[in-house]
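Every number in this text was worked out from the coordinates using simple rules, so none of it is lab data. Quick caveat, the model's predicted, so the values are computed rather than measured. Note that we place each Cβ from the backbone using ideal geometry, even for glycine, and neighbour counts take in every protein chain shown.
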Amino acid sequence: MATDTPDLLHGPALTPVALVKAMTLAYRARGMDPSAALAQAQIPPHKLNDPRARITAEQMEAVSYAAMRELDDEALGCFERALPWGSYGLLARASLSAPSLGVALKRWCRHHGLLAQAIALSVQVLGERAEIVLHLRTDPGPMAELSVVSVLRNIHGLAAWFVDSRIPLLEARFPYAAPPHVAAYAVLFDAPTRFDATEAAIAFDARYLALPIRRDEAAMHQLLQRALPLTVRSYRRDRLLVQRVRQLLASQPLATHNAHDLAALLNTSARTLHRQLKEEGATLQALKDAVRRERAMQLLLRTRRPIKQVAEAAGFRNEKSFIRAFRAWTGQSPGEFRGA
């Protein structure tokens with residue numbers, strides 16, 4: 001028999017059901033029954049009692065949407081007051097006109113403080129590292145994980161959408177003990193995680209803050225028709241990937257001899273690295289050659305280092321391979337280039 005019921009169980013079950021259990025607490029606090037929302041998301045109530053249970057991204061989207069509409073609270077009971085339907089849309093629209101991601105995020109964090117006093121959000125830059133920091137002003141009790149995870153994933157997803165790019169995280173930290181479903185955090189944030197921290201935060205390369213906003217009002221209108229998947233969407237494009245690869249090749253030549261070592265420094269796999277570079281119109285070998293060539297030429301022209309030392313500083317394992325590569329680049333040996 002044909003049915004119009006969507007298959008929400010399709011795809012991997014990776015989202016911890018503990019986040020849904022926290023939503024049901026918001027229902028109980030208001031004397032409401034979460035059964036309809038759970039049924040709509042095809043989540044059996046008994047599953048909430050299993051701390052290691054998982055649901056699919058589609059189920060999480062369905063139950064979140066149902067709960068937000070029934071409670072008329074996009075914060076799902078996490079804050080001292082309900083955030084009526086459309087609150088986060090207003091925040092996003094207020095940041096859309098910013099000239100850069102950094103300005104947009106600072107504006108979003110500032111405006112969030114006007115909606116809820118329970119948390120304080122800020123953008124902090126420490127050298128080449130940027131952080132979105134979330135400080136809990138009050139103890140949210142059993143709602144702590146839901147409030148922290150939902151807000152950080154919301155702003156991270158919106159940031160990526162604003163610049164139409166992956167923004168890989170360097171670290172994520174949380175002001176509570178590691179939960180039983182700690183393994184799920186590798187999927188939720190895809191970054192090294194730390195628990196029992198003094199405050200919550202996600203960290204990323206500060207250069208993303210300088211990227212321009214690439215969305216307009218029409219794109220915002222379309223997004224708000226179905227914004228929840230924003231928090232689980234994984235962008236393949238990374239508009240800073242080529243720059244980040246070049247920087248690592250230049251700053252750590254001996255630690256980036258092969259794709260596997262370089263990918264590890266970028267918190268990804270060699271296969272993914274090659275694919276993403278291809279999508280950006282680049283190859284690892286071409287970037288490696290460009291960085292090595294530039295470094296070698298600078299050393300040959302500005303120093304009197306022996307050729308062997310220049311080869312090592314440029315990232316070559318031996319002098320012979322360096323001379324062969326340099327001749328292919330310039331038609332000259334390193335010695336001939338230096339003496340020209």
> What is the set of long-range amide H partners of Ser100 at a cut-off below 5 Å, with H atoms built 1.01 Å from backbone N?
Replying inline: Ile213
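Report the net charge of residues surrounding Pro51, where surrounding means a beta-carbon distance below 14 angstrom and charges are Lys +1, Arg +1, Asp -1, Glu -1.
Taking every other residue near Pro51 into account, the sum is +2.
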> Anyone know which of Gln285, Gln59, Gln124 comes out most mobile in the 10 Å Cα GNM of the chain?
Replying inline: Gln285
>> With +1 assigned to the C-beta of every Lys and Arg and -1 to the C-beta of every Asp and Glu, and no other charges, what is the dipole magnitude of the range 46-107 about the Cα centre in debye, to the nearest 20?
In response: 280 debye
> Taking a label point 7 Å from the Cα of Ala282 along the Cα→Cβ vector, which residues of the range 134-176 have an amide N closer than 11 Å to it?
Replying inline: none
> Pick from Gly315, Gly102, Gly157: which residue has the top mean-square fluctuation in a GNM of the chain where Cα pairs under 10 Å get a spring?
Replying inline: Gly315
> Which of Leu126, Ala29, Trp329 sits closest to the plus end of the dipole of the chain, meaning its Cα is farthest towards the positive end, when Lys and Arg get +1 and Asp and Glu get -1 on the C-beta?
Replying inline: Trp329
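What net charge is computed for the residues neighbouring Ala178, neighbours being all others with C-beta under 10 Å from the C-beta of Ala178, Lys and Arg scored +1, Asp and Glu -1? Don't skip to the answer; put the middle values down first.
Working: positive: Arg194; negative: Asp196.
Local charge sum for Ala178: 0.
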> Can you work out the FRET efficiency for the pair Asp7 and Phe195, with r the C-beta to C-beta distance and R0 = 22 Å, to the nearest 0.05?
Replying inline: 0.05
>> If the only charges are +1 at each Lys and Arg Cβ and -1 at each Asp and Glu Cβ, what is the size of the charge dipole of the chain around the Cα centre, to the nearest 20 debye?
In response: 1800 debye
> By counting other Cβ atoms within 10 Å of each Cβ, how are His111, His181, His46 ranked from fewest to most?
Replying inline: His46, His111, His181
> For the residue pair Asp164 and Arg293, what label-to-label distance in nm results when each label sits 7 Å from Cα along the Cα-to-beta-carbon direction?
Replying inline: 3.0 nm
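Could you tell me the calculated FRET efficiency between Arg275 and Arg246, based on Cβ-Cβ distance and R0 = 22 angstrom, to the nearest 0.05?
Values: r = 18 Å, r/R0 = 0.82.
That pair, Arg275 with Arg246, gives E of 0.75.
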> So, in Å, what gap is there between the alpha-carbon centers of the range 287-340 and the range 79-145?
Replying inline: 49 Å
>> How many angstrom lie between the Cα centre of the range 175-203 and the Cα centre of the range 235-257?
In response: 25 Å
>> Can you give the local net charge around Arg81? Use residues other than it whose beta-carbon is closer than 14 angstrom to its beta-carbon, Lys and Arg +1, Asp and Glu -1.
In response: -2
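Compute, for the range 158-315, the length of the dipole vector about the Cα centre, with Cβ point charges of +1 (Lys, Arg) and -1 (Asp, Glu) only. Units Debye, rounded to 20.
Working: 24 positive and 15 negative charges, 144 e Å.
Approximately 700 debye in magnitude.
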>> For the chain, set up a GNM with springs between Cα atoms under 10 Å and report which of Arg137, Arg236, Arg93 has the largest fluctuation.
In response: Arg137
>> Is the C-alpha gyration tensor of the range 199-340 telling us rounded, prolate or oblate? Criteria: a/c under 1.5 is rounded; beyond that, a/b larger than b/c is prolate, otherwise oblate.
In response: prolate
